[in-house]
Amino acid sequence: MHLRSAVLFLAVVLSSFSAAASDRILVFAAASMKDAVEALADKYHDQTGERVVVSLASSGTLARQIEAGAPAEMFLSASPDWMDYLAARDLIDRESRAVAAGNSLVIVQKAGDGQATSKAMPDTLQADRFAMGDPNHVPAGIYARQALRSMGMWDDVKENAAFGENVRVALAMAARGDVSGAIVYRSDAAMQNELAIVFAFPPTSHLPIRYPVALTKGAGDDARSFLSFLLEEARAGALTPFGFTVPPNETDNVIDDG
């Protein structure tokens, strides 16, 4: 009797979990997409009644969680490299993969602190502590390292860099004044009124910044519908108020950081 009761209890628990999971679409999104993807999730809910839950972290962290079995139905990455990581392990629906947005790389500092003019050029990073994403796994950090290397500066400034676990951490460090500035995406700068853009890296200094999106294996029809909605909205310019660009008509680029 005890064994039968335990089996019945486990069945009820699993059934409840499945029912709860079916009540929402779980999206894993890069931290830099926070405001934009949450706005689209809210709009989708208003139009359809479907609830979209957005889990945010660095792209590498999210990709590894999906690899470990996390029940995300959609992955929105700040790096084609991490999407390729999941594709190589057959964990995404390859046919669903698309580019959701583009971005650019900038240096920000606290607005009105008297530093914007004197510290507008990146060569001043040699003299001051600055923040950036960890170049070992955070896409914004990888792009930043690429840009600084292409400008012949990385070896001179890397000792002054404070590495954040994602780009929003680097942004927060600059906003608090913990560092003199931060290398972030333009979209992040657009969300922080207390920070000013003091330098924009040339697009040719790093690989194009693209945000690939795809369904994971086993994603349901509701997730597929939300993906269609997201891409339609993005192509209509819904992400531009958040500092992103309209998805380009080109294939994804794999990060090659030497």
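The values are calculated or read from the model by the stated rules, or taken from the named source; none is laboratory data. All of these numbers come straight from a predicted model, not from anything done at the bench. So basically every Cβ, Gly included, is an ideal-geometry build from the backbone, and we count neighbours across all protein chains shown.
In the set S228, S205, S180, S150, only one residue is more than 27 Å from A63 (Cα to Cα), of a type in the set (S, T, Y) and surrounded by fewer than 19 Cβ atoms within 10 Å (Cβ to Cβ); that residue is S150. Here A190, A236 are screened, and the one residue that is of a type in the set (G, A, S) and under 25 Å from S96 (Cα atoms) is A236. S187 satisfies every condition listed in (1) assigned by TED's automatic domain parsing to the domain that holds M132; (2) touching a residue at least 40 places away in the same chain (Cβ under 8 Å); (3) outside any helix (DSSP H, G or I) except (3).
Filtering the range 31-53 to residues that are assigned to a helix (DSSP H, G or I) and of a type in the set (A, V, I, L, M, F, W, C) leaves A31, M33, A36, V37, A39, L40, A41.
Among the residues in the range 149-158, are any outside the structural domain of D81 (by TED's automatic domain parsing), touching a Gly at 6+ places or on another chain (Cβ under 9 Å) and modelled with pLDDT of 90 or more? Yes, that holds for at least one residue. The residue pairs whose first member lies in the range 242-254 and is at pLDDT 60 or above, whose second member is among the hydroxyl-bearing types (S, T, Y), and whose beta carbons are closer than 6 Å, counting only pairs six or more residues apart or on different chains, are F242/S187; G243/S187; F244/S187.
For (1) buried (at least 23 other Cβ atoms within 10 Å of the Cβ); (2) of a type outside the set (G, A, S); (3) not in a helix (DSSP H, G or I), each residue gets a yes or a no:
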position: S55; (1), (2), (3): no, no, yes
position: L62; (1), (2), (3): yes, yes, no
position: Q65; (1), (2), (3): no, yes, no
position: A70; (1), (2), (3): no, no, yes
position: A78; (1), (2), (3): yes, no, yes
position: M83; (1), (2), (3): yes, yes, no
position: A87; (1), (2), (3): no, no, no
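If you check A196 against the conditions, is it surrounded by 15 or more Cβ atoms within 10 Å (Cβ to Cβ), more than 16 Å from L76 (Cα to Cα) and free of Cβ contacts under 8 Å to residues at least 40 places away in the same chain? The answer is no for A196. Checking each residue in the range 140-183 for being more than 13 Å from K110 (Cα to Cα), in contact with a helix residue (DSSP H, G or I) (Cβ under 6 Å, 6 or more places away or on another chain) and assigned to a strand (DSSP E or B) picks out only G164.
For residues in the range 124-139 being under 19 Å from the mean Cα position of the chain (by Cα) and assigned to a strand (DSSP E or B), which is nearest to Y85 (Cα to Cα)?
Within the range 124-139, the subset under 19 Å from the mean Cα position of the chain (by Cα) is 131-139.
Imposing the further condition that a residue be assigned to a strand (DSSP E or B) reduces the set to 131-133.
On the way: A131: 26, M132: 23, G133: 19 Å.
Here the residue is G133.
Could you please let me know if V167 is aliphatic (A, V, I, L, M), crowded, with 23+ Cβ neighbours inside 10 Å, touching a strand residue (DSSP E or B) at 6+ places or on another chain (Cβ under 6 Å) and modelled with pLDDT under 90? In short, yes. The single condition among (1) touching a residue at least 60 places away in the same chain (Cβ under 8 Å); (2) more than 25 Å from I25 (Cα to Cα); (3) surrounded by fewer than 16 Cβ atoms within 10 Å (Cβ to Cβ) that K217 does not satisfy is (2).
If you check A120, A100, A116 for being among the aliphatic types (A, V, I, L, M) and either part of a helix (DSSP H, G or I) or at pLDDT 80 or above (or both), only one passes: A100. Looking across A234, A238, A172, A161, one residue alone is of a type in the set (A, V, I, L, M) and touching a Pro at 6+ places or on another chain (Cβ under 8 Å). It is A234.
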